[in-house]
């Protein structure tokens, strides 16, 4: 897939075929995540790959909007280690760039994925911390659920010219 | 350029040729920015395109780490309109996804770009607000400086296997 086209055609995909995601594809996706920019190249992230069916089925109990995880072959919990970051304000920026790269890498490799927000929602952070035994020094940030797509979604027109300003407001 | 390759080979580029970025290329880049995912598809962003040389030369006075802007043909200030967002925690996530798409679209289209952090740095937010007459309802978030690259940077190996965890910590 051509790179610019991938940016334009990526959609949130919540229905997946009953087909495992090979480990080497997951590693390629994580490789793209770790190539994201981070402030002063601190790379303050961790990734928990979840592919055990029992764990995937538990996810909706800790994230009410991640019900699709129960039927998915794989999910990746992006986590931050704030002590590694350039400062607290950079945690969400660095980890969001990594999350966006995961979505785009999945799309580029023929998978579909959806970003489920965790950051700044204390119940979800605590739920994932408990479910996956995440240490106190690490902060659950976002959940990406992914698999081979079992839905096709049209490409929306999101360009809003009124959101573009030239050399000032 | 192939999509996965674009994710892996993107680098921060701070030296640019003395060559304008055509308006249609800037619009394509903004189109990719606006295709970023946002919580509940709220799209809480604005973009200020800066291509006047006098303004570009002022940028280092409001962002000490954006000296490259003074020699660049173009910069895009990504801004948030928090009232549009699904909640305050989503502002940095949504705007970071849009910023990352800008970097990747620039790379895909043969340009080079660098993300200069503004979010959570009050002096920089205030400086850009003043420089570009940004209203109080809108928050400067990140500055992407871009142009045709005048440097080649090697691709680093950033994959860290110790940052990958399987089905729990």
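Okay, residues lined up against (1) modelled with pLDDT of 95 or more; (2) under 15 Å from residue B:169 (Cβ atoms); (3) within 11 Å of chain B (Cβ to nearest Cβ):
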{"residue": "A:39", "(1), (2), (3)": "yes, no, yes"}
{"residue": "A:55", "(1), (2), (3)": "yes, yes, yes"}
{"residue": "A:72", "(1), (2), (3)": "yes, no, no"}
{"residue": "A:86", "(1), (2), (3)": "yes, no, yes"}
{"residue": "A:91", "(1), (2), (3)": "yes, no, yes"}
{"residue": "A:100", "(1), (2), (3)": "yes, no, yes"}
{"residue": "A:106", "(1), (2), (3)": "yes, no, yes"}
{"residue": "A:131", "(1), (2), (3)": "yes, yes, yes"}
{"residue": "A:134", "(1), (2), (3)": "yes, yes, yes"}
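Taking the criterion of being farther than 14 Å from residue A:124 by Cβ and out of contact with any helix residue (DSSP H, G or I) (no Cβ under 7 Å at 6 or more places or on another chain), the residues of the range A:56-93 that qualify are A:68, A:71, A:73, A:81, A:83, A:84, A:87, A:89. Does the range B:96-104 contain any residue that is part of a helix (DSSP H, G or I), touching a strand residue (DSSP E or B) at 6+ places or on another chain (Cβ under 7 Å) and surrounded by fewer than 18 Cβ atoms within 10 Å (Cβ to Cβ)? No; the residues of the range B:96-104 include none that is part of a helix (DSSP H, G or I), touching a strand residue (DSSP E or B) at 6+ places or on another chain (Cβ under 7 Å) and surrounded by fewer than 18 Cβ atoms within 10 Å (Cβ to Cβ). Among the residues making up the range B:135-159, those that are over 27 Å from residue B:16 (Cα atoms) and in contact with a strand residue (DSSP E or B) (Cβ under 9 Å, 6 or more places away or on another chain) are B:138, B:139. For the range B:41-53, a residue qualifies if it is more than 13 Å from residue B:146 (Cβ to Cβ), facing chain A (nearest Cβ under 7 Å) and surrounded by 19 or more Cβ atoms within 10 Å (Cβ to Cβ), and the qualifying residues are B:43, B:45, B:46, B:48.
When the range A:117-169 is filtered for residues that are assigned to a helix (DSSP H, G or I) and either within 16 Å of the chain's Cα centre (by Cα) or farther than 25 Å from residue A:49 by Cβ (or both), the ones remaining, listed by number, are A:124, A:125, A:128, A:161, A:162, A:163. For the range B:1-33, how many residues meet the condition of being within 10 Å of another protein chain (Cβ to nearest Cβ) and surrounded by fewer than 20 Cβ atoms within 10 Å (Cβ to Cβ)? Qualifying residue count, the range B:1-33: 11. Report yes if residue A:127 is surrounded by 14 or more Cβ atoms within 10 Å (Cβ to Cβ), in contact with a helix residue (DSSP H, G or I) (Cβ under 7 Å, 6 or more places away or on another chain) and more than 10 Å from chain B (Cβ to nearest Cβ), otherwise no. So residue A:127 passes the test. In the set (1) more than 15 Å from residue A:105 (Cβ to Cβ); (2) at the interface with another protein chain (Cβ under 7 Å from one of its Cβ atoms); (3) touching a strand residue (DSSP E or B) at 6+ places or on another chain (Cβ under 7 Å), the condition left unmet by residue A:63 is number (2).
The values are calculated or read from the model by the stated rules, or taken from the named source; none is laboratory data. All figures in this text were calculated on a predicted structure; none of them were measured in a lab. Counting neighbours? That spans all protein chains shown, and the Cβs are built from the backbone with ideal geometry, glycine included.
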